[in-house]
1. When all protein chains stay in place, what accessible area (Å², nearest 10, 1.4 Å probe) is found for C:Thr23?
2. All other residues with a Cβ under 10 Å from the Cβ of A:Val27 taken together, and with Lys, Arg as +1 and Asp, Glu as -1, what is their net charge?
3. With both bridge residues required to lie in the stretch D:148-309, what share of the DSSP beta bridges run antiparallel, to the nearest 5%?
4. So for C:Tyr258, C:Tyr158, B:Tyr219, what's the accessible-area order with a 1.4 Å probe, most first?
5. Roll a 1.4 Å probe over the protein heavy atoms and report the accessible area of A:Val70 in Å², nearest 10.
6. Quote the accessible area belonging to C:Lys138 in square angstrom, nearest 10, computed with a 1.4 Å probe and with ligands, DNA and RNA left uncounted.
7. Counting only residues 5 or more places away or on other chains, whose amide H sits under 5 Å from the amide H of D:Val27 once H atoms are built in the peptide plane?
8. Would you count, across the stretch C:148-309, every pair of lysines whose alpha carbons are under 22 angstrom apart, provided the pair is eight or more residues apart or spans two chains?
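The values are calculated or read from the model by the stated rules, or taken from the named source; none is laboratory data. Owing to the predicted nature of the structure, the values given are computational and were not obtained by experimental measurement. Note: ideal-geometry Cβ built from the backbone for every residue, glycine included; neighbour counts use all protein chains shown. For accessibility, only protein heavy atoms count, side chains too; no ligands or nucleic acids. Shrake-Rupley method; radii C 1.70, N 1.55, O 1.52, S 1.80 Å.
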Protein chains: 4
Amino acid sequence: MWDVGIIGATGYTGTVLVSSLLTHPDVKISLITSNTYKGKKISDIFPAFRGVFEGMLEPTAEKHAGKCDVYFLCLPHGSAMETAQALYNGKAVIVDLSADFRFEDVGLYEKTYIPHRAKELLPQAVFGLPELYRNKIKDSHLIGNPGCYPTSAILGLYPLLKEQMLSGDIFIDSKSGVSGAGREAKTGSLFCEVSEGFKAYNVGVHRHEPEIQKEVSKYSDAKIFFVPHLLPMNRGILTTVYGRLKEQLSTKEVLALYKTTYFGEPFVRVLDEGLYPDTRFVRFSNYCDIGLKVLDDGRIVIISAIDNLVKGASGQAVQNMNIILGLDETKGLRQIPQYP
Amino acid sequence: MWDVGIIGATGYTGTVLVSSLLTHPDVKISLITSNTYKGKKISDIFPAFRGVFEGMLEPTAEKHAGKCDVYFLCLPHGSAMETAQALYNGKAVIVDLSADFRFEDVGLYEKTYIPHRAKELLPQAVFGLPELYRNKIKDSHLIGNPGCYPTSAILGLYPLLKEQMLSGDIFIDSKSGVSGAGREAKTGSLFCEVSEGFKAYNVGVHRHEPEIQKEVSKYSDAKIFFVPHLLPMNRGILTTVYGRLKEQLSTKEVLALYKTTYFGEPFVRVLDEGLYPDTRFVRFSNYCDIGLKVLDDGRIVIISAIDNLVKGASGQAVQNMNIILGLDETKGLRQIPQYP
Amino acid sequence: MWDVGIIGATGYTGTVLVSSLLTHPDVKISLITSNTYKGKKISDIFPAFRGVFEGMLEPTAEKHAGKCDVYFLCLPHGSAMETAQALYNGKAVIVDLSADFRFEDVGLYEKTYIPHRAKELLPQAVFGLPELYRNKIKDSHLIGNPGCYPTSAILGLYPLLKEQMLSGDIFIDSKSGVSGAGREAKTGSLFCEVSEGFKAYNVGVHRHEPEIQKEVSKYSDAKIFFVPHLLPMNRGILTTVYGRLKEQLSTKEVLALYKTTYFGEPFVRVLDEGLYPDTRFVRFSNYCDIGLKVLDDGRIVIISAIDNLVKGASGQAVQNMNIILGLDETKGLRQIPQYP
Amino acid sequence: MWDVGIIGATGYTGTVLVSSLLTHPDVKISLITSNTYKGKKISDIFPAFRGVFEGMLEPTAEKHAGKCDVYFLCLPHGSAMETAQALYNGKAVIVDLSADFRFEDVGLYEKTYIPHRAKELLPQAVFGLPELYRNKIKDSHLIGNPGCYPTSAILGLYPLLKEQMLSGDIFIDSKSGVSGAGREAKTGSLFCEVSEGFKAYNVGVHRHEPEIQKEVSKYSDAKIFFVPHLLPMNRGILTTVYGRLKEQLSTKEVLALYKTTYFGEPFVRVLDEGLYPDTRFVRFSNYCDIGLKVLDDGRIVIISAIDNLVKGASGQAVQNMNIILGLDETKGLRQIPQYP
C-alpha cells in the first residue's frame, strides 16, 4: 500500500484525483491539502464525498516532505515548482499537474510562463505522456504531467509525426469544456457568460501552443497554429487537426498505422473508418478516442477526444504513478465513460 | 458467478445497468437484447463501451428463458409483463424496471396504465424499495422496481410516515432531468425544446402519483398532490416535499429520526441541519441525499435528491438483485458521485 | 423625448435595461454609469451592443443629479438608497431595482437587510408592481421595483388574495435561472458549479420571503413558506404555489377569476385549463404567464413564469417608468418571447 | 403594406420568420401553413405567440398562389422546388430557405441532393447573400436563401477571395448549435444525446461543402475542406477558417480590407485587432461578426459568428425580401443581440 498525498486537493483536478485514487486498490490517500479550506473536511467542500471519504484538509506546507510515497501537485505554476523543491528527495514520486516541469528547455518555459525557480530539478523531470515516454517515465521520480490540450493534440498527431509523414502547415482547432478554466471565481467562467455561447480565445497566444510545438519539433519542422475555443459544457476536449500527408495514402492505411502505433495502449481507442469521436463517449474516463479521414488530395483531418480532467489531467497523473510504481497501468482508472 | 441478462439494453436504463454490472465482481452479462438494434454490438450503439464491453444484441424473445440467473427487464409497461411471463419460473430472479409489477392492487394498476395480462404473477411480486422492503425482497424472485419519482418521494417521507408524524396535506414538487423521458425520439425531448426552459407537466395526472400514494396510504390517510417538472439537464431528480408535523419538533429532532431510520443504509445520506441536497452530488451514484427543515409553526420541507437513472432505476435494480442473491448490497454500486 | 440615466449599467439588469430602452421611441439614454468600467464604452463590455449603442460609461456619482428625467438604479442594496438620496428632487423619476425602497415597513427592511440610511424618502416610495399598484405608481417619483421571485409569486397569488379565497398554509416553490445571482464572480455561479445540477438554497431564509409575505399579509393572515431553487439555465423563473381554497370551485371558475382580474393587463397571460407555463415562452419578454389547477378536495396549484431579468427586473422598471410618464405601457417592452 | 405568406411555419426557421416579420412595419403576415398542424393556431404550437399573433395554420397547398406578395418557403428540399413551381408567377417574390435554388449548376445540385424537378426556374434564381449579390437580388423574384454554414464561411472569406489574396488549402472548421438540425424528432437531436458532448459529423461529406466551394471557386481554385461540429447549445454558428495569404500582410492591413469591403453593410461587424467573435453577441440578431489574425509566416485564421436561425436563415430571408421590395434593409431585423 502506497501512501499518497494530494497537494491542492480542492480544485477540479484535485477532486477528480481523489475520486480516481479511491478506486485504486494499492494506494491510500494519506494527505490532502488546501490553503483555502484547511481545517475542513473535503466532504464539506465536495459533498459528493460524504460517507465516502471525509479526510481533513491540511495547509499546504513544507512539513509534508517525507510523509508520502507519492505526491500529486495540483497547484498553479510557480507555486508548484517551489513545492516540488520542498518535497523532492529522489525517493518520493512527484507528479506535477502544473506546467512547471513540462519543458525540457527552460528558456521556452520562461518565455511562456515566468522565471523558473527550481531549475536544478529540471534534469530529473520527464514529460508524462505515457504513450510516448513510458520508458523514461518508469525511471523518473518527477513528472511534468502534460496539459489537457497538448495531450489531445499530441496523441492525435504522434503516429504521423513519428513516421515523418506530414508535410507543411498544421492547424490545431481545439474545443474545451469550462472545467479547463479551473474552479477560480472568474467572470469569464460564470454560467451566464458561457452557457449558450461559443468563442475562440487566446488565438495564437495560448500557453499550450509552445507545449505542443516542442513535441512536434522533435519530429518535424512543421509550425503549428493552435486555436482553442470554449465549449458550453463541463468536461471534454475535442481537437480537430488539419494537415497534409507527404505521400498519398488512404484513410484505411493511415488508420492501420494508428492502430499499430497504439496497439496495446490501454487508454487509446482508434476508431474505424467513418467513425469520429464524441467527448460524451470518453467522459469521466481516461480514454483518448481518435478518428481520422484522408482526402483525395492528401489532406488529412485527425480528431481526438479526451476528458480534460481525466486523460487531460488527473487520470494521466495516476497512469504515470502506476508506471513508476510498477503497477498495472489501469488501476484506479477503470471508470467506464458515463452517458447521458 | 451469476449469469445476468438485460432485456432491452439500449435505452438509458439499459446502458446504465450494463455500466454498473460491468463493475460487479460476481456477475457476468451473458445476454443483452434489443429489437431495434439486434445483430449489432452494443458498443456500436453506445461507443462509450468500445474496448470495454462489445456484446452482441440479440432479439428480445421467449427463447431466452432458462438461460440466465437474473433478468433485468428494461421494457415499456405492457411489454414487460409479457416478457416476465415468458421468463418467470420461480428460480430465475426477475427485476422489472417498468411499472407492471409495482402495484399490489391490480385495479389501481389498470386504472393508471392498461389491463394487466400477467395477473397470476402479481402475488409473487415485491415493490423493490430496499429501505422499506428489504426482507420481502430477500424472499422474492420478481421485483417491481420503483419509479424514479416515487423513489425520491417515498425515501423523503418514509421516516415521518412510519412514525405517523404527519398531519394533513402533502405537496410533492419534483423536478427531473430529461433522461427520465427515455431515449425515444420525441419532439418534447429535443435539445431545443428543453434547453433554457423549465415547466411543470402532467400536473396532478402523472402516473407516478398513484405509485407514491399507495405507499403513503399504508401509513396515513393523507392525500398527496404531485407536480413533476422538467429540468434542462441530463440526470437527477430533486423532490421538495411540503407538509405539517402532528406535533412541534425541531429540525434537529426530525433529522435524528431520519438518521436513526436510515442507520446502516448504504445508499441513504441524511444531511446535517442547514444542508440540503444537490443532484450534482449524487450524480452517477446510487445515493439518495436527504435534507429537511422544520418551521416554528410545525410545517416541514423535506428535500431529497437521487440520480434518476441509478437509485431511480438501474442502480436500485442491481441493489435488489444483490439482496436476493445474498450479496453485499453495494457490489456494482460503488460509483462515487462525479462532478463537475 | 425623455432623458434617461442608468446607474450601474454593466450588470445583467443594466444591460437588459439598455437593450429595452433602445427600442423605446420616447426616451434617450443619456447617462450610463459603472464604477468598475468607467471610461470604457459599454459595447466594449457587452459586445452585443457594437454598432448599436456605444455610449461611454461614467463613474457613478452625485454630480449626475439634475441631468436626467428618469434614473434607473441597478445597484446593490445600501448603495442604492444613498444614490437615491443624491438624485431625488421630487421631479426626476427614480426607479430603484434594489430592495431599498420596496418595504413600507422600515423595521421589516432593516431586519431583512441593513439599517436604512434614507428613511426620509420611504414615504415617497411605491412598490412598483403595476398590476396591483398602478394608480399609486402614477403619482410617485420613487419606485421600489419588486424582486424577481416576489413578482412571480404575487402575480400568481393576487386574484385569490384579493378575493380572500385562500385558507391555510401557502407553500411557494420557486425555481430561478442563474442570472438572478447577478454578474459578480462567485464560485457558486460558475458554469461547472451550476450546470447539470439542481438544488434548493436559502431554504426558509431567503430575503424575498418577507417581501412576498408583506404583500400576502395585506389580504390574509396566511403564512407563506418560500423555497427557492437554482436552475441550470440563464433566464427564467417558474413559481409553483400550493394552497387551499376556502370553498370548492372548479379550475374553470378560478381561471375565470384570473382572467377577469388581469383583463386588459398588457403583460399577464392567463392560460386555458390544462395548460401550464414554460419559462421558454416568456423568455426575453415582459410577460407573466399563469396556469392553475384545482383538485377535488379544494387544493390548488398555481404556476407562474416570468423572465427574471425582464418582468422580474428591468422590463418591469420600464413599465413603471411608462406609467409615471403617462406613456403607453408597452413602449420599449414589445419584445416577443424568443425560442429556441 | 405587403402581404406575406410563410409556407411551413412551424419549424424553427418558420417561427423565427414570424417573430421577425411581426416587427416589420411594412408587411402583414396573411398566410401561414403547416401540414402537420393545419387547423390549429400557431400560438397553440408556439405559446410564445399567445396574445401576440394567433394566426390559423392552413394546409400547404397550391391554392395559395396569387394570394401574397411574398412567400417564404420553409420546407425540406424537394418539397420546396415543387411549391416554388406552384407559386412562382414572376410577380410574387419567393424566398426559398431550402437548398433547391442555391445552385446555379444543376448538376452540382443533383449530385449533392436529388434530381431537380423545377429546372425551368433555375435561371430566375439568385443566391441570396446580400453582401455579395445585392444587385442581382434586387432584380430577382426567386431567391435561393443561403445555408447557415455557407453564410458564415463565405462572409468570413469573401474579402480575401474577391482580392485573390489566398493561396493554397482552406480548412473550414464550423461549429453549430442544435437548432440547425431542425425541429424533427430525431434521436440525434435529443437533449440527452447532445448536452455535455461535442463531436464532428459528416466530415468532408456535408451538403454545405459544395455550396461553399461553388462560391470559393468563383474567385480561386482553392479546395476547401469543411468539417462541421455539433455544439451543445440552441443557436449560433462559429466558423474558424484557416488559410494562407499570397503575400505577407499584417493583421491590421487585412482588417482594413475587411472594413472597407463591408463598409456600409448593416449586418456585418468587423472587429478590431485582438478581438474575436462570440456567438452570444450575435444571438437573436441578423449580425455576422468577424475577427481575424495573421501570423508572421502568412497564415491566417478568420473567425465569424452568426445566429444560424437569423443571418443563417430567416433573418437573411427577410433581408432579401427588403432588398427586392426596395425597403430599408434593416426593417424587421433590428433585434439587438440578447444575452445572457
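1. Rounded to the nearest 10, the figure is 70 Å².
2. Numbers: positive: A:Lys28, A:Lys331; negative: A:Asp3, A:Asp26, A:Asp69.
Around A:Val27, the surrounding residues sum to -1.
3. Numbers: 24 of 34 bridges.
Beta bridges within the stretch D:148-309, antiparallel portion: roughly 70 percent.
4. Values: C:Tyr258 0, C:Tyr158 30, B:Tyr219 65 Å².
So, going from the largest accessible area down, we get B:Tyr219, C:Tyr158, C:Tyr258.
5. Accessible area of A:Val70: about 0 Å².
6. We get 100 Å² for C:Lys138.
7. Long-range HN contacts for D:Val27: D:Trp2.
8. Eligible lysine pairs with Cα atoms under 22 Å apart amount to 23.
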